[in-house]
Structures are given as structure tokens and as C-alpha cells.
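This report concerns only the one structure given below.
The values are calculated or read from the model by the stated rules, or taken from the named source; none is laboratory data. Everything quoted here is computed from the prediction, not taken from an experiment. Here Cβ is always computed from backbone atoms with ideal geometry, including for glycine, and neighbour counts include all displayed protein chains.
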Ligand code: IFM
């Protein structure tokens with residue numbers, strides 16, 4: 001990464017390029033029981049001993065529920081043009097469906113008003129993993145009725161905010177909800193069941209399709225999207241076993257979603273590997289899922305190297321690819337060119353009208369010195385990825401915007417508060433916020449609409 005970054009380079013982004021940051025409700029809001037909010041699967045999961053590092057939970061998080069005004073002022077200080085937030089489903093429907101909790105809707109309505117007043121365009125994401133616990137008790141995403149309940153939730157929120165909110169996202173990272181939640185078990189609800197995972201993946205996409213239609217009915221001038229998390233998968237060696245494994249991972253994480261959303265059905269290699277009938281698919285479902293979108297949101301952090309478990313390591317010769325030297329605190333390789341590679345692939349192989357980087361960011365062990373956080377490693381991470389974004393636009397890829405993950409340090413799921421991704425440092429004891437050097441640097445990028453390399457350390 002360093003070599004490219006040290007080569008002088010200036011790039012001016014298109015005048016309408018969208019500059020933002022992203023957060024999610026559970027990760028920042030806190031107020032987990034306030035104003036009529038119901039329990040979510042993340043409340044339940046985080047309150048279960050042993051699930052989250054250090055016994056952390058999102059009960060208070062960044063206390064954004066009470067500190068939203070200060071947070072909007074900080075967004076203004078960074079010069080943000082856009083802010084991607086999510087809506088906590090159990091704040092709106094404490095019982096999952098049925099009666100609407102008006103106080104929950106009022107919170108988001110007020111937030112939207114103040115964002116707009118501050119000149120910041122809200123991009124509202126309906127599902128960032130906060131399923132009402134009641135719905136999980138009734139079967140969760142493996143059950144079809146959850147997709148119906150989600151469509152109702154989308155209808156309620158979009159009809160309430162749609163006069164002001166013009167940018168809508170249905171789901172964030174359905175792969176993570178299905179895989180980590182129902183199979184690998186490190187996310188809520190913490191199950192280990194392949195059949196549940198596959199059915200959940202389908203019902204998430206089905207709920208998405210219904211939600212797109214209902215949002216468009218309520219907000220005819222809306223831009224509607226889904227957000228997927230993508231990795232390029234590289235085989236660890238040229239062995240047939242590693243290549244096969246990498247292709248399967250690509251199918252499970254990338255093609256399952258991209259193909260279905262593009263009207264191609266589920267990829268046959270993944271279906272075959274699963275080996276059971278997909279009998280939860282009903283007539284018309286795949287058409288519903290393939291409803292045209294205004295853009296595809298892509299969350300990109302790293303590439304993944306895949307090594308087959310089938311054959312012993314020493315037979316996996318010759319090794320063709322190794323993870324690079326540089327990693328973030330998550331242990332994720334810093335691999336900026338994977339961003340260009342993925343944008344280019346999606347653009348060539350699929351036909352979404354536009355693409356948006358809806359998340360990209362890095363956790364580093366920041367420290368506060370004299371009320372400052374000198375996070376030059378984060379600046380370099382962002383700069384390197386923006387360089388790839390610039391390359392993509394130059395190559396004619398319809399990339400419309402970039403949202404840094406995250407606005408502020410927050411609850412990083414199973415890692416609790418141990419990983420800091422923010423442009424804003426949060427002291428979780430005092431809730432004091434400090435703009436990191438990366439926030440000042442990003443502000444300059446936004447103001448000038450330009451990336452200049454090498455990235456300078458702000459004063
Ligand atoms: O914090 C998460 C976010 O909720 C979803 N995308 C990845 C981020 C970093 O792990």
C-alpha cells in the first residue's frame with residue numbers, strides 16, 4: 001500500500017460525488033429500553049454471558065439517542081454531505097409487528113429534520129441486524145413470516161419519513177445476518193444450523209424485494225438500494241482443492257446475493273454443495289428478489305485468502321498468494337486494490353445502474369494525547385481506498401459515493417468496544433467525543449472534493 005500512496009497524485013471527484021459516513025442503531029444509540037423500545041436479538045445476545053468480548057453490550061453504546069444534537073454538530077464539523085443511519089426495528093414495533101410505537105418513530109423523524117437542517121442528507125437503512133426478539137421467538141429469518149413483518153416495518157417507516165428521506169436501503173449485509181447469525185453463531189441469534197442459514201438468506205432477500213416495492217409506493221422519488229458486504233476470495237495456492245474452495249466461498253458470500261438480485265437465481269454450485277431442496281422458495285419469490293434497484297451498496301474492507309481443509313497444508317503447493325504485511329486491528333489485511341477489483345467485477349458481470357461504497361474503514365488502537373488522536377494509519381487506509389475509488393471512476397465504473405465506516409467509535413458486535421473504527425474518538429466512560437486527525441483530513445477531502453497524495457498529516 002505504501003508505494004502507491006507515496007507517489008504524488010491528485011484526483012478531483014465528480015461534482016455530485018456523495019461524501020458520507022455510516023453508523024447503525026444498535027452500535028451507537030444505547031437507550032435500549034427507553035421510550036417503549038422492545039428487545040432485539042442483539043439485546044438478548046449481548047446480555048447472554050460469554051457472547052461478547054469483555055461482557056460488553058449496547059445498552060448505552062455512544063448514547064447517541066440522547067446526544068444526537070452534539071453528534072450532528074460533529075458531522076457538520078467534518079463537513080459531511082450525507083449520513084447513513086439505521087432504524088431500530090424494535091423501537092418502532094416493540095412486538096415485532098402489530099402496534100406502532102410512535103415515540104420510536106418520533107426519534108428518527110426529529111433526527112431526520114435536524115440532519116436536513118444541518119445540510120446533511122440522511123440515507124436510511126432499515127435493517128442493520130436488529131430483529132425484534134419476539135420475531136426471533138416465532139422463528140426469526142428462517143421463517144417466511146419474518147419477511148412479511150419486515151415489509152410492514154418498511155411500509156411504516158417509509159410512509160412516516162418518506163416526505164423528507166429520499167435515500168433508502170433495505171438491508172445491511174444479509175450474508176452476515178444469515179451466516180454469522182444462523183450458522184457460524186458469533187452474531188445474534190447465535191445459532192449453528194446450516195438449514196436455518198440458507199432459509200434465512202432467502203427470506204432476507206424476499207423481505208428486501210417486498211420492501212423495495214413498498215418504499216417506492218410510499219416515496220415515488222426515492223433511490224432504493226441494498227447493501228452487500230463483499231470480499232474477493234483468493235485461493236491460497238494453485239491446488240485444485242484451494243481453487244474449488246475459493247470459488248465456493250465466492251458463491252456463498254458474493255454470487256448468492258448478486259445473482260439472485262440480478263434475476264439469475266441462486267448459483268448452482270452453492271445449491272449443489274448444500275445438497276438439499278430449496279423448498280422454502282415459492283412461486284414468484286425470485287422475481288420479487290430481482291426487483292430493479294437504483295444502486296448497489298458495497299461494503300468493502302479486505303480480501304480473503306481461502307485454503308481448503310480437504311488436503312494437508314504441505315500439499316497445497318505452490319503457494320501463489322499470501323496476505324500482505326499490513327493489517328488493521330481486526331486482523332484484516334489492508335488490500336485496497338481489492339476495492340477496484342470488486343467494483344470492476346460487479347460492473348462487468350452484473351447490471352446495477354450505479355454503485356456506492358456504503359462502508360469502508362479500519363480499526364486501529366488509537367490513543368488520546370493532549371486531546372488529540374493522531375491516527376495517521378487510518379488516514380492512509382482511507383486515502384489508499386479512495387485512490388482505488390478514483391481509479392474506478394476513471395475506468396468508467398458508475399461509482400456515486402463513499403461512506404466511511406464509521407462516524408464514531410462504537411459497539412463492534414462480538415468484539416464489544418475493543419475495536420475503534422471511528423473518525424470521532426468516543427470515551428465510553430464519559431461519552432466525550434474528540435475529532436481524530438482522520439476526521440480533519442476527511443473534511444479537507446470533502447471540502448476540496450479532491451484526493452491528494454501523499455496524504456499529509458493535519459496540523
Ligand atoms: O461494524 C460493522 C458494521 O456493523 C457492518 N459492516 C462491518 C463493520 C465493521 O466490522
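Just a few scattered comments:
- Within the range 1-56, the set of residues being in a loop (DSSP other than H, G, I, E, B) and in contact with a strand residue (DSSP E or B) (Cβ under 9 Å, 6 or more places away or on another chain) comprises 7, 8, 13, 14, 16, 17, 23, 24, 32, 38, 39.
- Lone qualifier among 405, 441 - being within 15 Å of the ligand (Cβ to nearest atom) and either closer than 24 Å to residue 332 by Cβ or surrounded by fewer than 24 Cβ atoms within 10 Å (Cβ to Cβ) (or both): 405
- Number of the condition not met by residue 216 [criteria: (1) closer than 26 Å to residue 403 by Cα; (2) in contact (Cβ under 8 Å) with a residue 12 or more places away in the chain]: (2)
- Restricting the range 115-127 to residues that are touching a helix residue (DSSP H, G or I) at 6+ places or on another chain (Cβ under 8 Å) and surrounded by fewer than 16 Cβ atoms within 10 Å (Cβ to Cβ), the residue that is farthest from residue 223 (Cα to Cα): 118
- The residue pairs whose first member lies in the range 21-35 and is on the phi < 0 side of the Ramachandran plot and more than 16 Å from the ligand (Cβ to nearest atom), whose second member is modelled with pLDDT of 95 or more and assigned to a helix (DSSP H, G or I), and whose beta carbons are closer than 6 Å, counting only pairs six or more residues apart or on different chains, are 32/43.
- Checking residue 48 against (1) closer than 23 Å to residue 173 by Cβ; (2) within 23 Å of the chain's Cα centre (by Cα), the condition it does not meet: (2)
- Residues of the range 130-158 that turn out to be farther than 25 Å from residue 217 by Cβ and either in contact with a strand residue (DSSP E or B) (Cβ under 7 Å, 6 or more places away or on another chain) or assigned to a helix (DSSP H, G or I) (or both), as a count: 4
- Residue list for the range 182-216, restricted to those being within 16 Å of the ligand (Cβ to nearest atom) and more than 16 Å from residue 266 (Cα to Cα): 184, 186, 187, 188
- Restricting the range 420-434 to residues that are in a loop (DSSP other than H, G, I, E, B) and buried (at least 22 other Cβ atoms within 10 Å of the Cβ) leaves a set whose member that is nearest to the ligand (Cβ to nearest atom) is 421.
- Residue under evaluation residue 305, criteria (1) exposed (fewer than 15 other Cβ atoms within 10 Å of the Cβ); (2) outside any loop (DSSP other than H, G, I, E, B), criterion not met: (1)
- Residues satisfying the stated conditions in the range 209-235, i.e. within 18 Å of residue 154 (Cα to Cα) and in contact with a helix residue (DSSP H, G or I) (Cβ under 7 Å, 6 or more places away or on another chain): 209, 210, 211, 214, 215, 218, 219, 222, 224, 226
- Among residues of the range 321-337, those that are over 17 Å from the mean Cα position of the chain (by Cα), touching a residue at least 24 places away in the same chain (Cβ under 8 Å) and within 18 Å of residue 253 (Cβ to Cβ), counted: 3
- Evaluating residue 330 against the criteria (1) surrounded by fewer than 18 Cβ atoms within 10 Å (Cβ to Cβ); (2) at pLDDT 95 or above; (3) more than 16 Å from the ligand (Cβ to nearest atom); (4) within 22 Å of residue 175 (Cβ to Cβ) leaves one unmet condition, (3).
- Test for residue 222: is it under 28 Å from residue 124 (Cα atoms) and in contact with a strand residue (DSSP E or B) (Cβ under 7 Å, 6 or more places away or on another chain): yes
- For residue 60: the one exception among (1) more than 16 Å from the ligand (Cβ to nearest atom); (2) within 29 Å of residue 401 (Cα to Cα): (2)
- In the range 80-110, the residues that are out of contact with any strand residue (DSSP E or B) (no Cβ under 7 Å at 6 or more places or on another chain), at pLDDT 95 or above and over 14 Å from residue 39 (Cα atoms): 99, 100, 102, 103, 105, 106, 107, 108, 109, 110
- Test result for residue 108, touching a residue at least 40 places away in the same chain (Cβ under 8 Å), part of a helix (DSSP H, G or I), surrounded by 19 or more Cβ atoms within 10 Å (Cβ to Cβ) and within 16 Å of the ligand (Cβ to nearest atom): no
- Verdict on residue 365 being outside any helix (DSSP H, G or I), away from the ligand (no atom under 16 Å from the Cβ) and in contact (Cβ under 8 Å) with a residue 12 or more places away in the chain: no
Residue-by-condition table, conditions (1) over 22 Å from the mean Cα position of the chain (by Cα); (2) buried (at least 22 other Cβ atoms within 10 Å of the Cβ); (3) within 16 Å of the ligand (Cβ to nearest atom):
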{"residue": "129", "(1), (2), (3)": "no, yes, yes"}
{"residue": "138", "(1), (2), (3)": "yes, no, no"}
{"residue": "141", "(1), (2), (3)": "no, yes, no"}
{"residue": "164", "(1), (2), (3)": "yes, no, no"}
{"residue": "174", "(1), (2), (3)": "no, yes, yes"}
{"residue": "180", "(1), (2), (3)": "no, no, yes"}
